[in-house]
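The values are calculated or read from the model by the stated rules, or taken from the named source; none is laboratory data. Just so it is clear, the model here is predicted, and its values are computed rather than measured. Here the Cβ positions follow ideal geometry from the backbone for every residue, glycine too, while neighbour counts run over all protein chains shown.
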Amino acid sequence: MTLPDLPSKLANILACPLCHGPLQASDEKLFCTTCAQEYPLAGNTPVMLPADHPLLPVFREGLPPLPPLSWKGKLRQLIPEPEPRVWTRSSQRAIARALAEARPDDPDRVVVNLGAGVERVFQQLFAPYRQILYIGLPHSGHVDAFADAQLMPLADDSVDLFLSSSVLEHVRNPEQAVEEMARIVRPDGLVYAEIPFLRAFHMVPNDFQRYTYSGIETLFERHGFSLVEKGVCSGPFNAWGLLFRDFVFVITPTRPLKMTLRAITSWLVHPFKYLDHLFENASWATYQACNFYYLGRKK
């Protein structure tokens, strides 16, 4: 299969998300040589969503031109907000160790990030590498292929490290998504995932579940992963800071005032989030953490 601007590593492992059969390119689309399912292109980016997928119409005609900036977007430019979360040092070290073991730039190694990796932490940790693949349905940033976490368009046992940050809470069937990760990760390969525990209802209505410190481990254990390491990704000070910010947002009556107070509140509470660095290894931090991380190995 030959496609313009498609990374060679992705071309080698891209497969039909329904039957996992091989793909061929024809007439500005892909089709499966096994089940004959067709997949359109958005520009040069494959849209690996089945014909009856509810999100397919968004991409069928290619990426739409950017609409004029709304008043909400203009307001955000005038009053930018800091990144919502502060990552613990232990979570950053876990990501760095997983990347060092997976060696994304080696010719025979493949690392996939679910999403565009636009968070500052991932941009910094990914910066030394040039061949990490990005797959998913992100709100911003570039991906190499659009795909649903529950129907990954990747061949069996093809990935050495799969990364996922704050995605599984937005997936209707997280069991199916983790089963997909288990299918595509090679034996002895790694999966790194971050899942929230204490967060307000967000990205409404597509916010479906939360996981405890024990729950995140058993979720992956049910699908054949063994624990390498887990811990607090963003701690209690992050949790309460974000809950307070979101509380101010929901009780504010008018939309322009909501956006203004949210930005102001975000900056007021942001310095306190760094206190989690002092307590990230405390046992009590797991009782009210914002997010947990899990690093597991496929058995």
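Residue count for the stretch 118-158 under the criterion of being under 18 Å from L190 (Cα atoms) and at pLDDT below 95: the result is 0. Within the stretch 198-233, being among the acidic types (D, E) and not in a loop (DSSP other than H, G, I, E, B) holds for E217, E221, E229. Does the stretch 167-181 contain at least one residue that is of a type in the set (D, E), outside any strand (DSSP E or B), surrounded by 19 or more Cβ atoms within 10 Å (Cβ to Cβ) and within 12 Å of the chain's Cα centre (by Cα)? Looking for residues that are of a type in the set (D, E), outside any strand (DSSP E or B), surrounded by 19 or more Cβ atoms within 10 Å (Cβ to Cβ) and within 12 Å of the chain's Cα centre (by Cα), one finds at least one in the stretch 167-181, hence yes. Criterion first (under 27 Å from S158 (Cβ atoms), modelled with pLDDT of 90 or more, assigned to a strand (DSSP E or B) and not assigned by TED's automatic domain parsing to the domain that holds G136) does L30 satisfy it? Here the answer is yes, as L30 does meet what is asked. Might you let me know whether the stretch 266-281 holds any residue that is outside the structural domain of R93 (by TED's automatic domain parsing), out of contact with any Phe, Trp or Tyr (no Cβ under 7 Å at 6 or more places or on another chain) and hydroxyl-bearing (S, T, Y)? Yes, some residue in the stretch 266-281 is outside the structural domain of R93 (by TED's automatic domain parsing), out of contact with any Phe, Trp or Tyr (no Cβ under 7 Å at 6 or more places or on another chain) and hydroxyl-bearing (S, T, Y).
Okay, residues lined up against (1) at pLDDT below 95; (2) farther than 30 Å from D156 by Cβ; (3) among the charged types (D, E, K, R):
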{"residue": "G189", "(1), (2), (3)": "no, no, no"}
{"residue": "A200", "(1), (2), (3)": "no, yes, no"}
{"residue": "D246", "(1), (2), (3)": "no, yes, yes"}
{"residue": "S266", "(1), (2), (3)": "no, yes, no"}
{"residue": "P271", "(1), (2), (3)": "no, yes, no"}
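Filtering the stretch 220-245 to residues that are of a type in the set (D, E, K, R) and in contact with a helix residue (DSSP H, G or I) (Cβ under 8 Å, 6 or more places away or on another chain) leaves R222, E229, K230, R245. Within the stretch 146-159, being buried (at least 23 other Cβ atoms within 10 Å of the Cβ) and in contact with a helix residue (DSSP H, G or I) (Cβ under 7 Å, 6 or more places away or on another chain) holds for F146, A149, M152, L154, V159.
Take the conditions out of contact with any strand residue (DSSP E or B) (no Cβ under 8 Å at 6 or more places or on another chain) and either outside the structural domain of F220 (by TED's automatic domain parsing) or in contact (Cβ under 8 Å) with a residue 40 or more places away in the chain (or both) and apply them to A289. Does it pass?
So A289 fails the test.
I'm trying to understand the selection: among the residues of the stretch 266-299, which are of a type outside the set (A, V, I, L, M, F, W, C), assigned to a helix (DSSP H, G or I) and surrounded by fewer than 20 Cβ atoms within 10 Å (Cβ to Cβ)?
H270, P271, H277, S283, T286, Y287
Determine, yes or no, whether G235 is buried (at least 17 other Cβ atoms within 10 Å of the Cβ), on the phi > 0 side of the Ramachandran plot and at pLDDT 95 or above. So G235 fails the test.
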